[in-house]
Amino acid sequence: MNLFELKRTLNLTIKNQFGWKTKRKIVVFSVDDYGNVRMGSKEARRQMQLEGLDTESNRFDKLDALEDAEDLEQLYDSLSSVKDKNGKSAIFTTFSLPANPNFEKIIASNYSEYFFETLSETHQKIKGYENVLELIHEGVEKKLIFPEFHGREHLNIKTFLELLRKKDKEILCAIDNKSYASISSKPFPNISYASAFGFESFSEVENHKKILVDGLNLFEEVYGYRARHFTAPETHAHGSLEELLQKEGIDFIDTDFIKREHQGEGTYKKSFNYLGKKNKFKQRYILRNCVYEPLLMPNLNWEDYCMKQIEIAFKFNKPANISSHRVNFSGHIESSNRDKGLKGLRGLLKKIVEKWPEVEFMTTREVGDLMNQQK
């Protein structure tokens, strides 16, 4: 066991001792970034490289792109390759976004304003994507994926507008290539360019309320039902937004075991959380206790490593909530990346059902409802 694995094992041993427990062997996949336009295409990546942007250092910039039909069809094949004790296939809770930048309108404004469009509008603009939303709905019907809310879009509007104001060459190049990737400029020290709910001053949190309400309504429009579970892009939304989220139908919120929450002006507050913990609005916190990120450390045997994490979760009577990202299974830029990622996923799923034939595959929503039923 290397140092990375040892530290992770120790952290999981501590984390899994607290919170809601069950004797049932439950496996959940929490997979972020579906619906998000990152790198527009392989040609866009090449053009951005030629203009001096770094498209290689970050795995998301290099390989992540809006899921296409082949991504979904092959993912469905992989998830349906196994069955749990109840005859159900594995299922991804896909934390998804219903909107993306409207690049054409931004360009038409002479790069001075921000506009967004719905995911269905984005699909209709890109050749070969016309039937992708139908495929997403098909995956939901077949219980292979289940989208939940990941924000309205995967970007920080304050940062976006500031970079436009400065005519930052990286963001202008990205926009011209129908992408939002490979941006190194950071005009605000406490905000990442992809962190939708990051802020400098606490007063900015008020602007996030409209984004959340818009996003949740658009989510229902795009995906066909109201979201009940929320995880914010990159950094957590501030806790003061939880009351609004509760009123808008969010019952479950992703968080960390030790949450480090920005309070504004670079000051932070830490809080301790555990699976099933309730806030004052009776929402439950959901924690991820396993990781499957094969692109993060390519030389690590991620199948075996994830199996060890699941084993630790089950040892402490916890559901195994496996955290991952779409990029691991994304093939629009490089089909070989998807092939490798799905081969590993199939191997992991096979090992899970062989080692624990009593396993049950669930969505995060189903686990949350189970916690509420058992109290």
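The values are calculated or read from the model by the stated rules, or taken from the named source; none is laboratory data. Predicted, not measured: the structure shown is a model, and the values here were computed from it. Note: ideal-geometry Cβ built from the backbone for every residue, glycine included; neighbour counts use all protein chains shown. SASA here: full protein model, heavy atoms, side chains in, ligands and nucleic acids out. Shrake-Rupley method; radii C 1.70, N 1.55, O 1.52, S 1.80 Å.
Quick notes on this structure:
- Residue that is modelled with the lowest pLDDT [pool: residues in the range 1-51 that are open to solvent by 70 Å² or more (accessible area, probe 1.4 Å) and aromatic (Phe, Trp, Tyr)]: 4
- Of the criteria (1) within 16 Å of residue 184 (Cβ to Cβ); (2) not in a loop (DSSP other than H, G, I, E, B), which one residue 39 fails: (2)
- Unique residue being within 23 Å of residue 323 (Cα to Cα), of a type in the set (D, E, K, R), surrounded by fewer than 18 Cβ atoms within 10 Å (Cβ to Cβ) and out of contact with any strand residue (DSSP E or B) (no Cβ under 8 Å at 6 or more places or on another chain) when the list is 83, 62: 83
- Residue list for the range 99-116, filter: out of contact with any strand residue (DSSP E or B) (no Cβ under 8 Å at 6 or more places or on another chain) and either open to solvent by less than 50 Å² (accessible area, probe 1.4 Å) or in a loop (DSSP other than H, G, I, E, B) (or both): 103, 106, 109, 110, 111, 112, 113
- Looking only at the range 117-142, and only at residues there that are in contact with a strand residue (DSSP E or B) (Cβ under 9 Å, 6 or more places away or on another chain) and charged (D, E, K, R), the one that is farthest from residue 230 (Cα to Cα): 125
- Leading residue by the ranking (nearest to residue 36 (Cα to Cα)) among those in the range 290-330 that are aliphatic (A, V, I, L, M) and either open to solvent by 50 Å² or more (accessible area, probe 1.4 Å) or out of contact with any Cys (no Cβ under 8 Å at 6 or more places or on another chain) (or both): 327
- Test: residue in the range 203-224 that is under 30 Å from residue 51 (Cα atoms), open to solvent by less than 20 Å² (accessible area, probe 1.4 Å), in contact (Cβ under 8 Å) with a residue 60 or more places away in the chain and not polar (S, T, N, Q): no
- Annotation note: Cβ proximity below 6 Å between a residue of the range 262-284 that is surrounded by 11 or more Cβ atoms within 10 Å (Cβ to Cβ) and a residue that is β-branched (Val, Ile, Thr) (sequence gap 6+ or interchain) occurs for 273/255; 283/253.
- Selection count where residues are open to solvent by less than 100 Å² (accessible area, probe 1.4 Å) and of a type outside the set (A, V, I, L, M, F, W, C), scope the range 132-145: 3
- Condition check for residue 96: closer than 17 Å to residue 38 by Cβ and buried (at least 23 other Cβ atoms within 10 Å of the Cβ): yes
- Complete set of residues in the range 137-183 that are out of contact with any helix residue (DSSP H, G or I) (no Cβ under 8 Å at 6 or more places or on another chain), assigned to a helix (DSSP H, G or I), of a type in the set (D, E, K, R) and over 30 Å from residue 86 (Cβ atoms): 162, 165, 169
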